[in-house]
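Just below is one structure, and these are the notes that go with it.
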Amino acid sequence: MIARRDLAARVAIVEDLTPTCFRLELLCCEPVAASPGQFAMLRCAPGLDPLLRRAFSLAGVRSTGDGTIVEMHLKEVGRGTALLRRLAPGAPVAMLGPLGNGFTLGIAPGQRLALVAGGIGLPPVLFAAEMLAAHGSAFDLFVGASTAGELYEVDRLAAAAAVVGGELVLCTDDGSRGEPGFVTAALQRRLDAGRAYVRALACGPDPMLQALGRLATARGLEAELSLEEPMACGVGVCLGCVVELEDGRLVPSCKEGPVFPVSRLAARWRA
Amino acid sequence: MTTDMSTRVGALSLANPILTASGTFGYGLDLADLCPPERLGGIVTKGLSPQPRRGNTPPRIVETAAGMINAIGLQNIGVEAFCRDVLPELDARGVTVVVNVFGESPAAYREVMARCERERGVAAYELNVSCPNVSAGGMEFGHDPALLASLTAACRAETAKPLWVKLSPNAPDLIGTGKAAVDGGADALTLINTLRAMAIDAVQRRPVLQRGFGGLSGPAIKPIALRMVWEVHWALPSTPLVGIGGIETGRDVAEFLLAGASAVQVGTAVFRDPAAPLRILGELERFCAGEGITAVGELIGGLQWPC
């Protein structure tokens, strides 16, 4: 196992992406190697409130002259994320990570991946898309949001897809942009039209992931889901973030996940 | 000036007073990359039962003001896997290992201890008689002095090694249960375990945790833990105590030692900062140096009560 580290990071950028989501970029003075799907635990503020760190999926990692920029996209849902949104550039942030596993990105020539994101599940999918594009691996992208104003980074997504001749399918629940309805329905239409994927990689709200799990299982498509569970430690000792597996075992998603093959998960993710 | 950081809990000598609390540091190696366990006074394992346990259905944890509530349900790998897969490396690394034991009957406690007695590397046992999460998990032992005395005596017969009993703050008679454990043959008392608590989702009109109740830990409970350590120390001055409850800093440790603890356990702080036990040890060393303390043992029971 690679030794995990608590990195001393500083805020490089905080900027709004949508009315509810914002980009947080942290500068670490050392190299950081990360895979799409991995996450980091951030301390939101000094002191005892909030007590616990928050887990956030990584949206990308890039080297700069000063070190490594770690990019995350956060949705403001409570006190922790509100405090992070108000941080000023230069503010220190303790960051433990990268943690957990990542998506299986390897494919053979001629194969294609389906990348599926809903809402604030986009960061690991964007990270995967840009990494796959850099490697010349083919994929289609299915990105959903509640409404047009909650879709973000569309230009980056389109650019990544264009590199490998992939399709970018945007969906909104209210039909205000792209195809109306859920991303899983958009994926199903492609499958019905005969498009073949070697694997689907997905992150998003539980109902979306369950719908994808059902679709993938019904069509014999391999799928990997990045799950989100309440997490205290992020390093496998609190056992708060357990996920039920197909064999009935409860395993910590921070350590054995957060990415799980659908076939490994309990039936509620598949049926 | 360097302070002598060594301490003793009864017959057990520790390099320093900082241990990790059961259920917050895995089985001792899980966080070795972030917090080398051999540099601590010791580690207390996750509670071990004769057979592996699955634990409770999630949600299992919820954050509260300066604390958290957990209802993990005593999930563990079982004593056999611990002895086979973990203990040899702990022993090779020179870690002081306290095995936390629980069961649904005195026979189950004894089974765990008997299995460990066949191995090298166990320094002491700590009986979990107060986990408030699982109805069948031993709560009755910690709440009833007579039951606790007989359980402790049964476990005492299983080992010559130090035997600690971890007291529940939820027991109706804390000092009575402490005395019962000592009467049953306990060498030391650990206190406190988590406080029975709940969190409610007002929109859903449901408890946040699937089990409804859980155990509160973290800085929120520190003042209660200090009071209980002091009360038990006052009532049982010759019984070594291991203090636990919301320790976040080296100065917190000094407070527990002054209240009568001979060593302490760091728990929830590990979830915030996996290297917290080592950081806290460093802070305690600096506190002692700053106060001109030559041996950390000088602090134990040193509280000056206002007359």
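Readers should treat all values here as calculations from the given coordinates under stated rules, not as data from a laboratory. As the structure is a prediction and not an experimental result, all values here were calculated from the model. No Cβ is skipped: glycine too gets one built from the backbone with ideal geometry, and neighbour counts run over all protein chains shown.
Using modelled backbone amide H atoms (1.01 Å from N, in-plane), which distant-in-sequence or interchain residues come within less than 5 Å of A:Cys238's amide H?
Under 5 Å from the amide H of A:Cys238: A:Cys233.
Find the cysteines in chain A that fail to meet the 4.7 Å Cβ criterion with every other cysteine, and list them.
A:Cys21, A:Cys28, A:Cys29, A:Cys44, A:Cys171, A:Cys203, A:Cys241, A:Cys254, each lacking another Cys Cβ under 4.7 Å.
Roughly how many Å is it from the Cα centre of region B:229-294 to that of region B:42-81, as a whole number?
Result: 23 Å between the Cα centres.
Mean residue ellipticity at 222 nm from the helices of chain A, using -39,500 (n - 2.57) per DSSP H segment of n ≥ 4 over the full residue count, to the nearest 500 deg cm²/dmol?
Per the formula, -6500 deg cm²/dmol.
Could you tell me which of rounded, prolate or oblate describes region B:14-103, using a ≥ b ≥ c as the square roots of the eigenvalues of the alpha-carbon gyration tensor, with rounded for a/c under 1.5 and, failing that, prolate when a/b is larger than b/c and oblate otherwise?
oblate
How big is the gap, in Å, between the Cα center of region B:182-199 and the Cα center of region B:163-181?
About 5 Å separates the Cα centre of region B:182-199 from the one of region B:163-181.
What is the set of long-range amide H partners of A:Leu168 at a cut-off below 5 Å, with H atoms built 1.01 Å from backbone N?
Amide H neighbours of A:Leu168, under 5 Å, 5+ apart: A:Leu141.
Mind running the shape call on region A:59-158? Use the C-alpha gyration tensor, a ≥ b ≥ c as the square roots of the eigenvalues: rounded below 1.5 for a/c, prolate if a/b tops b/c, oblate otherwise. Please list the in-between numbers first.
Numbers: a/c = 2.18, a/b = 1.42, b/c = 1.54.
Because a/c hits 1.5 or more and a/b fails to exceed b/c, region A:59-158 counts as oblate.
Students often forget the sequence filter, so: which lysines lie under 26 Å Cα-Cα from A:Lys255 once same-chain residues fewer than 8 apart are removed?
Excluding near neighbours in sequence, the set is A:Lys75, B:Lys46.
Over the whole of B:59-68, what's the average partner chain Cβ count within 10 Å per residue? Rounded to a whole number, please.
Across the residues of B:59-68, the mean count of other-chain Cβ atoms within 10 Å is 6.
Work out from phi, with θ = phi - 60° and the Karplus expression 6.51 cos²θ - 1.76 cosθ + 1.60, the ³J(HN,Hα) of each residue of region A:233-247, listed in order in whole Hz, and give x for Gly and Pro.
Those phi angles translate into 9, x, 10, x, 10, 7, 6, x, 9, 5, 10, 7, 9, 4, 8 Hz.
Restricting things to alpha carbons, tell me how big region A:1-101 is in terms of Rg and Dmax, in Å.
Cα radius of gyration and Dmax of region A:1-101 are 12.6, 40 Å respectively.
Pop a pseudo-label 7 angstrom from the Cα along the beta-carbon direction at both A:Arg156 and B:Asp91 and give the gap in nm to one decimal.
In this crude label model, A:Arg156 to B:Asp91 measures out at 5.2 nm.
Taking only Cα atoms, what is the 0 to 90° angle, nearest 10, from helix A:154-163's long axis to the longest principal axis of chain A?
60
Ranked from highest to lowest mean number of other Cβ atoms within 10 Å per residue, what is the order of the peptides A:145-151, A:114-120, B:238-244?
On the way: A:145-151: 18.1, A:114-120: 26.7, B:238-244: 24.3.
Peptide ranking by packing, descending: A:114-120, B:238-244, A:145-151.
For the protein assembly as shown, what is the convex hull volume of the alpha-carbon atoms per residue, in Å³?
164
Any chance you could check the Cα centroid distance between region A:85-146 and region A:193-240 for me, in angstrom?
13
Quick check on chain B: helices-only [θ] at 222 nm, where DSSP H runs of length 4 and up contribute -39,500 (n - 2.57) each and the sum goes over total residues. Nearest 500, please. Intermediate values should be presented prior to the final figure.
Working: 9 runs with 90 residues, N = 307.
The helix contribution divided over chain B gives -8500 deg cm²/dmol.
On alpha carbon coordinates alone, what is the Rg over Rh value for region A:176-271, Rh being the Kirkwood radius?
Rounded to two decimals, Rg over Rh is 1.03.
Principal axes first, then extents: for the Cα atoms of region A:112-269, list largest minus smallest coordinate on each axis, whole Å, largest first.
Result, largest extent first: 42, 35, 30 Å.
Which of these, B:Thr57, B:Thr159, B:Thr268, has the largest mean-square fluctuation under a Gaussian network model of chain B (Cα springs below 10 Å)?
B:Thr57
Measure nothing fancy, just the Cα-based angle from helix A:122-135's long axis to the longest principal axis of chain A, in degrees from 0 to 90, nearest 10.
Compared with the principal axis, the helix lies near 70 degrees.
As a test of the definition: which semi-axes, in Å, follow for region B:131-263 when you take the square root of five times each eigenvalue of its alpha carbon gyration tensor? Largest first, please.
27, 20, 11
Hey, what did chain A get for relative contact order, percent, Cα under 8 Å, at least 6 apart?
Relative contact order, chain A: 17 percent.
Taking chain B as a Gaussian network, where each spring joins two C-alpha atoms under 10 Å apart, which residue of B:Leu74, B:Leu90, B:Leu236 fluctuates the most?
It is B:Leu236.
Please list the helices of chain B that count as membrane-span-like by this rule: a mean Kyte-Doolittle hydropathy of at least 0.5 together with Cα atoms stretching 15 Å or more along the helix axis, each helix being a complete DSSP H run.
Helices meeting the criterion: B:145-156.
Can you work out the FRET efficiency for the pair A:Arg86 and B:Gln210, with r the C-beta to C-beta distance and R0 = 41 Å, to the nearest 0.05?
Working: r = 33 Å, r/R0 = 0.81.
For R0 = 41 Å, the calculated efficiency reads 0.80.
Enumerate the amide H contacts of B:Leu195 below 5 Å, restricted to partners 5 or more residues apart or on another chain; note that Pro and chain-start residues carry no placed amide H.
Excluding prolines and chain starts, which carry no amide H, the hits are B:Leu216.
Compute the convex hull volume of the Cα atoms of chain B, divide it by the residue count, and report the result per residue in Å³ as a whole number.
Convex hull volume per residue, Cα atoms: 128 Å³.
Once R0 is set to 41 Å, what does the formula 1/(1 + (r/R0)^6) return for the Cβ-Cβ distance between B:Glu140 and A:Thr104, expressed as a FRET efficiency to the nearest 0.05?
FRET efficiency, B:Glu140 to A:Thr104: 0.30.
Just how many % of Cα pairs in chain A lie over 23 Å apart, if you round to the nearest whole percent?
51
Find the eigenvalues of the gyration tensor of the Cα atoms of region B:252-297, then list the square roots of 5 times those eigenvalues as equivalent ellipsoid semi-axes, largest first, in whole angstrom.
Values: eigenvalues 79, 34, 9 Å².
So the three semi-axes of region B:252-297 are 20, 13, 7 Å.
What does the C-alpha gyration tensor say about the overall shape of region B:17-167? Classify as rounded when a/c is under 1.5, otherwise prolate if a/b is larger than b/c, or oblate.
Since a/c reaches 1.5 but b/c is at least a/b, the shape of region B:17-167 is classed as oblate.
Longest exposed-loop-site-free stretch of chain B, with trypsin sites (Lys or Arg not before Pro), DSSP loop and at most 13 other Cβ within 10 Å?
Longest gap between qualifying sites, sites excluded: B:1-117.
Only Cα pairs under 8 Å and at least 6 apart count here; give the relative contact order of region A:112-269 as a rounded whole percent.
Taking the mean separation of contacting Cα pairs over the length of region A:112-269, I get 20 percent.
Just to verify a number: FRET efficiency for B:Arg156 and B:Arg84, C-beta to C-beta distance, R0 = 35 Å, to 0.05?
Working: r = 26 Å, r/R0 = 0.74.
For R0 = 35 Å, the calculated efficiency reads 0.85.
Largest first and to the nearest Å, give the Cα extent of region A:106-151 along each principal axis.
Extents along the principal axes: 36, 15, 12 Å.
Give me a comma-separated list of calculated 3J(HN,Hα) values for region A:93-109, in order, Karplus coefficients 6.51, -1.76, 1.60 applied at θ = phi - 60°, integers in Hz, x for any Gly or Pro.
9, 6, 10, 9, x, x, 10, x, 9, x, 5, 7, 9, x, 9, 8, x
For region A:174-191, just list the computed ³J(HN,Hα) in residue order, Karplus coefficients 6.51, -1.76 and 1.60, θ = phi - 60°, integers in Hz, with x standing in for Gly and Pro.
Each residue's phi maps through the Karplus curve to give 9, x, 6, 7, x, 7, x, x, 8, 4, 5, 5, 4, 5, 4, 4, 5, 5 Hz.
For the Cα atoms of chain A, what angle does the longest principal axis make with the long axis of helix A:206-219, in degrees from 0 to 90, nearest 10?
30
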